[in-house]
Amino acid sequence: MADPRPQDDSSLPPHLLFGTATAAYQVEGAAQEGGRGPSIWDTYCRTPGRVARGESGDVACDHYHRYGEDVALLADLGVDLYRFSVAWPRIQPTGKGRPNPEGLAFYDRLVDTILGAGIEPVLTLYHWDLPQALEDEGGWRVRDTARRFGEYAGIVADRLGDRVDRWITLNEPFCSAFVGHAVGRHAPGTKEGTPALAAAHHLLLGHGMAVGELRAAAAGRVGITLNPDHLVPATDSETDHAAVERARTLHNRTWFDPLFTGAYPDNEKEVWGDLSDGAHRKEGDLETIGQPLDFLGVNFYRPIMLRDAPHTEPDPARRTAVDIGVEQVPYEGVRHTTMGWPVVPESFTDLLIDLDRRYPGLPPILITENGSARPHAPDDTGRVHDEDRIAYLRDHLAALGRAIEAGVDVRGYFVWSLLDNFEWAFGYDRRFGLVRVDYESLERHPKSSYHWYRDYLTSHRDRRRRVEGA
Ligand code: IFM
């Protein structure tokens, strides 16, 4: 089947920048090379029953050795930006002390190669790979880890601040805190209540400390990437609306309120109950956390429909340590990705407009991740015809255009992901890439969506040139 041609993207402003994103543990591999220390994800993957088929990021896409080939793919794609993350345990194998020269040298080479291809690197400092040695001392549950994160940020800024202009402190701290410490489906894989709330606070504090270090190093523009959810009540009942408000605090307000209003959510007591004693919060923390940012990263994939469910999940294996009395309700009548996520592009528009109205004065937004997992087998030539991914991207770009028309200040958009990669607890069978990775040979094969995105970017660039030249 012929690939659908890119739609006219005239609803998107010509200055909008485009990119793709990856993260260190999901693509790099070389887990025991270059002086890298173990991270909590190495430990989690080695724990039986945690990751599908016992897979791990040991080899992943072998990007550590093949980054040249991957940057060539980016150059051919024609992106403006490439978002990648630095593995903290490559820089500080035990999370503290003198930096590992081999680790710094790897990111030096990577950044220089990206720049050499005419692409702007966008660097995430933390995409979930906490050095295991820090976890052994309490991890994000303890305040010292926030301080350590600040030091690590300073080390990376000193080395790369002359070439990297956009810095993201944390990726999706919601997942680090709650999926990691309450649901137990991400490393470190525990089901704790109060410590998960302490982790949330210390992640925010670490963000603030990193902002301080990045500013001191005059590293460039600084932001954070959050994954706010578009939450929809299953019915119009008061109880379902109240359930959504509790979930809004867990998913969104816990992060947005301290970062952008200088306060913790006002319904905390109702949501957390006895879980939150606030003991981990110290005077001055909110000031550290709420320092002005240059941009906000937003990751978006799907909406969540919820209903009030006041009873604790009866199956202990499914029970999470933070029970806010809500239950997810499946979306009917829409397509779902292989993650089981409903495809509802309008919710992308609605979420962005909602955030813009709730938080006046938000910094400009970068959509730091958007994409879909699809199970496509290659044809005889190795090509994957992923028309449904193309439809997903096209429809979400149109939805983004509607949010921008409604006044939301969005400056950039990144497809997750450049490559098929290690999808955390799901292992390798959830493929998000524009480029297929053959995990036997590690060969890369651009999919139809890669060619579609390339054409889309060409037409966008042409329009940008016309407007700039006009
Ligand atoms: O693969 C992840 C990524 O690491 C963080 N955001 C969501 C993606 C898809 O699940």
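Search the range 32-58 for residues being part of a loop (DSSP other than H, G, I, E, B) and free of Cβ contacts under 8 Å to residues at least 60 places away in the same chain, and hand back the single one that is most open to solvent (accessible area, probe 1.4 Å). Ranking the qualifying residues of the range 32-58, first place goes to GLN32. Restricted to the range 363-394, and to residues there that are of a type in the set (Ser, Thr, Tyr) and within 14 Å of the ligand (Cβ to nearest atom), the residue that is farthest from the chain's Cα centre (by Cα) is TYR392. Taking (1) closer than 18 Å to ALA182 by Cα; (2) within 16 Å of the ligand (Cβ to nearest atom) in turn, PRO303 satisfies each apart from (1).
Comparison of VAL298, VAL271 shows that the only residue that is within 16 Å of the ligand (Cβ to nearest atom) and aliphatic (A, V, I, L, M) is VAL298.
If you check HIS311, HIS336 for being within 16 Å of the ligand (Cβ to nearest atom), free of Cβ contacts under 8 Å to residues at least 60 places away in the same chain and open to solvent by 60 Å² or more (accessible area, probe 1.4 Å), only one passes: HIS336. Counting just the residues of the range 420-457 that are crowded, with 23+ Cβ neighbours inside 10 Å and in contact with a Ser or Thr (Cβ under 7 Å, 6 or more places away or on another chain), which one comes out nearest to HIS186 (Cα to Cα)? If we take residues in the range 420-457 being crowded, with 23+ Cβ neighbours inside 10 Å and in contact with a Ser or Thr (Cβ under 7 Å, 6 or more places away or on another chain), then ASN421 is nearest to HIS186 (Cα to Cα). Scanning the range 120-145 for residues that are out of contact with any Phe, Trp or Tyr (no Cβ under 8 Å at 6 or more places or on another chain) and under 19 Å from TRP41 (Cα atoms) turns up GLN132, ALA133, LEU134, GLU135, ASP136, GLU137, GLY138, GLY139, TRP140, ARG141, VAL142, THR145. Residues in the range 270-289 that are out of contact with any Gly (no Cβ under 6 Å at 6 or more places or on another chain) and part of a helix (DSSP H, G or I): GLU270, VAL271, TRP272, GLY273, ASP274, ASP285, GLU287.
When the residues of the range 173-202 are filtered to those that are within 18 Å of ALA87 (Cα to Cα) and surrounded by fewer than 24 Cβ atoms within 10 Å (Cβ to Cβ), the one that is nearest to the ligand (Cβ to nearest atom) is CYS175.
In the set PRO363, PRO375, only one residue is open to solvent by 50 Å² or more (accessible area, probe 1.4 Å) and more than 24 Å from VAL244 (Cβ to Cβ); that residue is PRO375. Of the residues examined, ALA242 is one that is surrounded by fewer than 21 Cβ atoms within 10 Å (Cβ to Cβ), touching an Asp or Glu at 6+ places or on another chain (Cβ under 9 Å), assigned to a helix (DSSP H, G or I) and among the small types (Gly, Ala, Ser).
Of the residues THR225, THR254, THR261, the single one that is out of contact with any helix residue (DSSP H, G or I) (no Cβ under 6 Å at 6 or more places or on another chain), among the hydroxyl-bearing types (Ser, Thr, Tyr) and surrounded by 21 or more Cβ atoms within 10 Å (Cβ to Cβ) is THR225.
Can you pull out the residues in the range 228-239 that are open to solvent by 30 Å² or more (accessible area, probe 1.4 Å) and either within 20 Å of PHE295 (Cα to Cα) or in contact with a Phe, Trp or Tyr (Cβ under 9 Å, 6 or more places away or on another chain) (or both)?
If the condition is that a residue be open to solvent by 30 Å² or more (accessible area, probe 1.4 Å) and either within 20 Å of PHE295 (Cα to Cα) or in contact with a Phe, Trp or Tyr (Cβ under 9 Å, 6 or more places away or on another chain) (or both), then HIS230, VAL232 are the ones that fit.
If you check GLY68, GLY150 for being more than 24 Å from ALA216 (Cα to Cα) and at pLDDT 95 or above, only one passes: GLY68. Take the range 8-62 and flag every residue that is touching a Pro at 6+ places or on another chain (Cβ under 7 Å) and either of a type in the set (D, E, K, R) or within 16 Å of the ligand (Cβ to nearest atom) (or both). Across the range 8-62, the qualifying residues are ARG36, SER39, ILE40, TYR44.
The values are calculated or read from the model by the stated rules, or taken from the named source; none is laboratory data. Note that the structure is a prediction, hence the values are computed from the model and not measured. Here Cβ is always computed from backbone atoms with ideal geometry, including for glycine, and neighbour counts include all displayed protein chains. Side chains are part of the model used for accessible areas, which takes the heavy atoms of the whole protein and leaves out ligands, DNA and RNA. Shrake-Rupley method; radii C 1.70, N 1.55, O 1.52, S 1.80 Å.
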